[in-house]
Amino acid sequence: MEARAVGTVFEVARLGVSTLVSVHEDVVEVRVGEAMERLTAGDRLRWTPEDGARRDSLWAEGAAAWRHGRLLADGLTLAEAAAIIERHAGGEILVVGERANREIVSGSFDLSRPQSALRVLAAAHGAKIYAAPALVSVLVLR
């Protein structure tokens with residue numbers, strides 16, 4: 001995958017098996033193999049090995065919320081949300097269960113308290129956490 005800015009503000013995030021390109025201002029050209037997508041402000045492109053490239057809309061209020069210590073999830077998979085929380089957790093978060101890449105997350109999470117954010121995420125999706133603090137947390141979906 002290749003993303004090229006055409007005078008813009010955008011971000012690229014690698015979240016587990018997903019890669020997301022979110023455009024906040026102007027235009028970004030994204031090439032996936034031979035195909036090219038031209039994204040404008042408010043567009044998001046998600047690529048996974050299983051589904052290929054899918055385009056959707058970016059939740060404007062959630063754009064770059066991580067800069068302010070928040071995860072405002074809208075349309076992320078549970079695995080993607082856990083990957084964002086992991087960046088702030090000081091340890092690894094493993095997500096186990098086939099629903100992890102299908103279960104959709106919406107909500108606001110405080111990234112300054114990653115273990116609390118993980119507990120909220122787990123409770124909202126019926127998952128159980130097994131943890132060795134500061135080393136690894138395992139989120140198991142049933």
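The values are calculated or read from the model by the stated rules, or taken from the named source; none is laboratory data. Quick caveat, the model's predicted, so the values are computed rather than measured. Methodologically, a virtual Cβ is constructed for each residue, glycine included, from the backbone with ideal geometry; neighbour enumeration extends over all protein chains shown. In case anyone asks, the SASA skips ligands and DNA or RNA and just uses the protein heavy atoms, side chains included. Shrake-Rupley method; radii C 1.70, N 1.55, O 1.52, S 1.80 Å.
Segment 60-122: which trypsin sites (Lys or Arg not before Pro) are DSSP loop and have at most 16 other beta-carbon atoms within 10 angstrom?
102
Before I look further, what does the chain give for accessible area per residue, probe 1.4 Å, in whole square angstrom?
55
Using 0.36 nm times the number of residues separating residue 110 and residue 128, minus their current alpha carbon distance, what extension gain do you get?
4.5 nm
Using a 10 Å cut-off on Cβ atoms, rank the peptides 29-36, 12-19 from the highest mean neighbour count down.
For the peptides 29-36, 12-19, the packing ranking is 12-19, 29-36.
Just from its helices, what would the mean residue ellipticity at 222 nm be for the chain, if runs of 4 or more DSSP H residues each count -39500 (n - 2.57) and the sum is divided by every residue, rounded to the nearest 500 deg cm²/dmol?
-5000 deg cm²/dmol
Treating each Cα of the chain as an identical point scatterer and ignoring solvent, apply the Debye formula and state log10 I(q)/I(0) at q = 0.21 Å⁻¹.
Taken in order of the listed q values, log10 I(q)/I(0) reads -1.26.
Using a 1.4 Å probe on the protein chains only, how many percent of the accessible area of the chain belongs to carbon and sulfur?
52
In degrees between 0 and 90, to the nearest 10, how far off the longest principal axis of the chain does helix 114-124 point, with axes built from Cα atoms?
90
Under a crude label model (7 Å from the Cα following the beta-carbon direction), how far is residue 38 from residue 57 in nanometres?
2.1
Below 12 angstrom from the Cβ of residue 117, what's the summed charge of the other residues (Lys, Arg +1; Asp, Glu -1)?
+2
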